[in-house]
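Reading through the structure tokens given below for one structure.
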């Protein structure tokens, strides 16, 4: 005699579809997007400065993450899109993705994690870029709380956070606080292999703030000292000459041009273009 057993859903539920073989009413399995491969491909687009291609790439995988119920993947993609639209100056799209990324922290119960800290930094950087400095500072403070609560937080993340906090305090006219955060950023990035690129950015930020605070005539000697230090760091090597390096060099050019360091401007522009060319070949 056949042993009697309880009747389960497998006895009566129809497959949700012939291809997926999931029964009606069953919770769909998460289909994770390949995050590392997405980022690697994104790097290729940025190396070619193909911003529209990068956008299409991210939007394609965002839809895949949503269809596959991959919340972690969607969080990563929302962060990437927020940063992408910040760089391309598309305010509404940048805000939309930054807000969606922060909202996902509740869905994923990620508050207090390093991932939450990175999401707050990305969103805060978006608001800072478009002049919403009070909102930006509030998110940077949340990021600081998340990062500093975990002893395993990479010093590079802390350095980037402190540099951005310095910029935000400067935008609010709170210059002494800005310099304190820039100092913390220099210290943190000094502990990171290849951190010279980020330190150079901080040096240029300090020069800009000194100009805003004191004016070129009064602060000329200090400003020139920071510009010289930035050049030394950019020439020091110790970091890969990849797409990110080319991007940083390109972003440094206007500051040297503004202060009349035209030879440095020319050299950095040529170096950046040479890296971009090598990546396209």
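Values quoted throughout were computed directly from the atomic coordinates according to the rules given, and no laboratory measurement underlies them. Bear in mind that the values here come from a model prediction, so they are computed numbers and not experimental data. Reconstructed Cβ throughout: ideal geometry from the backbone, glycine too, with neighbour counts over all protein chains shown.
Going by alpha carbons, how many degrees (0 to 90, nearest 10) lie between the helix axis of 243-258 and the longest principal axis of the chain?
Its long axis makes an angle of about 30 degrees.
Sorting 228, 40 on the 10 Å Cβ count, fewest up front, what's the list?
40, 228
Using Cβ contacts closer than 10 Å as the measure, can you line up 250, 221, 134, 145 from fewest to most?
On the way: 250 17, 221 7, 134 10, 145 13.
With the fewest neighbours first, 250, 221, 134, 145 line up as 221, 134, 145, 250.
Calculate for the chain the 222 nm mean residue ellipticity that helices alone would give, adding -39,500 (n - 2.57) per DSSP H run of length 4 or more and normalising by residue count, nearest 500 deg cm²/dmol. The partial results should precede the final answer.
Details: 13 runs with 208 residues, N = 281.
Rounded to the nearest 500, the figure is -24500 deg cm²/dmol.
Relative to the first principal axis of the alpha-carbon coordinates of the chain, what is the inclination of helix 51-67, with its axis defined by its Cα atoms, in degrees from 0 to 90 and to the nearest 10?
Orientation of helix 51-67: about 30 degrees from the principal axis.
Where does each of 268, 59 land when they are ranked from fewest to most other beta-carbon atoms within 10 angstrom?
So the residues, fewest neighbours to most, are 59, 268.
Based on the alpha-carbon gyration tensor of region 174-281 and its eigenvalue square roots a ≥ b ≥ c, which shape applies: rounded if a/c is under 1.5, prolate if not and a/b is larger than b/c, or oblate? All intermediate terms of the calculation are to be shown ahead of the outcome.
Numbers: a/c = 2.53, a/b = 1.42, b/c = 1.78.
Verdict is oblate for region 174-281.
Can you give me the C-alpha center-to-center distance between region 49-109 and region 126-179, rounded to a whole angstrom?
Spelled out, the Cα-based centre of one part sits 21 Å from the other.
By how many degrees, between 0 and 90 and to the nearest 10, does the Cα long axis of helix 35-47 differ from the longest principal axis of the chain?
Between the helix axis and the principal axis of the chain, the angle is about 40 degrees.
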